[in-house]
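Structure, as structure tokens:
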Amino acid sequence: MSALQSTRLSSVISRTAGLLAWLVGLGFGVPCLYAIWYFADHGLVWMFMGFPTYGQGPFEDVGLSTTVPLLVAFLLVCLAELVMGWLLWRQRRSGVVLSLVLLPLEIAFWIGFLLPLGFVIGAARSVLLLIASTSTNRTG
């Protein structure tokens with residue numbers, strides 16, 4: 001593979017990883033905004049189609065009840081995910097670094113709020129970034 005082909009492949013992979021970051025950031029962040037308002041207004045976890053959103057999961061099993069600050073913390077992680085997506089789209093190394101820094105926080109929230117789709121998309125994003133970094137390192 002030529003250096004130009006490798007650079008193009010790395011660009012496509014980085015942008016795909018950025019799109020996945022935006023998907024997670026928006027997909028969990030937008031409903032989290034409503035969940036924060038609902039919890040603050042009603043004192044209860046918002047139920048969507050019979051399922052609790054951001055509550056009644058493993059966090060509560062270990063004694064960490066859903067609160068507005070916990071939901072806001074998750075929203076901040078979702079906002080950081082959007083920034084990461086922008087950095088990855090722009091092919092900035094800082095996007096890869098942010099992805100590595102955020103991943104443990106994301107995993108904690110995905111487990112605590114029972115959000116299995118987060119794992120799938122987060123794993124896909126991580127694999128893409130690993131592929132991009134190895135293809136760049138091979139030619140450089």
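General observations
- Once the trypsin sites (Lys or Arg not before Pro) in DSSP loops with at most 16 neighbouring Cβ atoms within 10 Å are cut out of the chain, the longest remaining piece is 1-89.
- Taking the helices alone, the chain has a mean residue ellipticity at 222 nm of -27500 deg cm²/dmol, built from -39,500 (n - 2.57) per DSSP H run of at least 4 residues and averaged over all its residues.
- For the chain, fraction of C-alpha pairs farther apart than 25 Å, in %: 33
- Alpha-carbon centroid distance for the pair the stretch 17-64 / the stretch 107-137, whole angstrom: 19
Values quoted throughout were computed directly from the atomic coordinates according to the rules given, and no laboratory measurement underlies them. What you see is a predicted model; the values in this text were computed from it and never measured. Don't worry about glycine lacking a Cβ; one is built from the backbone with ideal geometry, like all the others, and counts go over all protein chains shown.
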